[in-house]
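Okay, so here's the structure we're looking at.
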Amino acid sequence: NEARELWGKAAGGQGQTLLISGEPGIGKTRLMRELATHVEVTGGRVLVGTCYAEGGAPYAPFAQIVRRTLGKGSQNGHPLPEFVLADLLSLAPDLKPYYPELSPNPPLEPQAEQQRLFENVVAFCGTLSEESPVLLVLDDAHWADSGSLSMLRHLARRTRRNRVLLMATYREVELNEARPFHEVM
């Protein structure tokens, strides 16, 4: 019920963040799936990125979201500015063949480049939320890399006026093993 209330606020233009914690097998993923179904039935869009124990590339859950949203050259809705799209493709370089005319953004100092990437992901979420409210999920966030967690924190701060509900599921029992997650929390 609380999750649906938060979705209602987010759908009305007050961005929200929902953290779901618990032991393995308690139903975090089921709750996320039930909320996702509710979101889709009420006209929202669900974007899910899953984190894995084996790790993976930096920002891997966001790369999954970009692949599902922009795959095969479909921008689904409002066209994104080229500089935003260029950074999104840096997360999912396998999509570049679908956008052959797009040039990469000029390189910057690492911190400035990360800031630009974060802002462009905010712009991506904002653009999507103009078309329909968005539920963006980081599933198993206790396994996320520090960059993905920093991006999630940045999104939480910068999407407060967007129709976006950010959700992260995580296991409490693994916080001591999941140092990046514990530090962001």
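Of R153, R30, which has the most accessible area with a 1.4 Å probe, and how do the rest follow in descending order? Mind showing how you got there, number by number?
Numbers: R153 90, R30 160 Å².
In descending accessible area the options line up as R30, R153.
With a cut-off of at most 12 other beta carbons within 10 Å, and DSSP calling the residue loop, which chymotrypsin sites (Phe, Trp or Tyr not before Pro) in the stretch 1-100 qualify? Please list them.
When the chymotrypsin sites (Phe, Trp or Tyr not before Pro) of the stretch 1-100 are filtered for loop state and at most 12 Cβ neighbours within 10 Å, Y52 remain.
Among the GluC sites (Glu not before Pro) within the stretch 74-174, which fall in a DSSP loop and have no more than 11 other Cβ atoms within 10 Å of their own Cβ? Don't jump to the answer; show the numbers that get you there.
Numbers: sites: E82, E101, E113, E119, E130, E131, E172, E174; in loops: E101.
Counting only loop positions with at most 11 other Cβ atoms within 10 Å, the GluC sites (Glu not before Pro) in the stretch 74-174 are E101.
Before rounding to the nearest 500, sum -39500 (n - 2.57) across all DSSP H runs of length at least 4 in the chain and divide by the residue total; then give [θ] at 222 nm in deg cm²/dmol.
Counting only the DSSP helices, I get -14500 deg cm²/dmol.
Would you give the gap between the C-alpha center of the stretch 1-19 and the C-alpha center of the stretch 90-129, rounded to a whole Å?
For the stretch 1-19 versus the stretch 90-129, the Cα centre distance is 27 Å.
With a 1.4 Å probe and all protein chains kept in place, how do H154, H142 rank by accessible area, largest first?
H154, H142
Report I20's accessible area, 1.4 Å probe, all protein chains in place, as a number in Å² to the nearest 10.
We get 30 Å² for I20.
What spacing in nm lies between the two simple spin-label points modelled at E131 and Q111, each 7 Å away from Cα in the Cβ direction?
Result: 3.6 nm between the two label points.
Looking at the chain as a GNM with Cα springs under 10 Å, which of L136, L18, L149 has the largest mean-square fluctuation?
In the Gaussian network model the winner is L18.
Could you tell me whether the stretch 1-94 comes out rounded, prolate or oblate from its Cα gyration tensor? Rule is a ≥ b ≥ c as square roots of the eigenvalues, rounded for a/c under 1.5, then prolate if a/b exceeds b/c, otherwise oblate.
It is oblate, given that a/c is not under 1.5 and a/b is not larger than b/c.
The values are calculated or read from the model by the stated rules, or taken from the named source; none is laboratory data. Values in this document were obtained by computation on a predicted structure and should not be read as measured data. Virtual Cβ from ideal backbone geometry, glycine too; neighbours counted across all protein chains shown. The accessibility values were calculated without ligands, DNA or RNA, using every heavy atom of the protein model including side chains. Shrake-Rupley method; radii C 1.70, N 1.55, O 1.52, S 1.80 Å.
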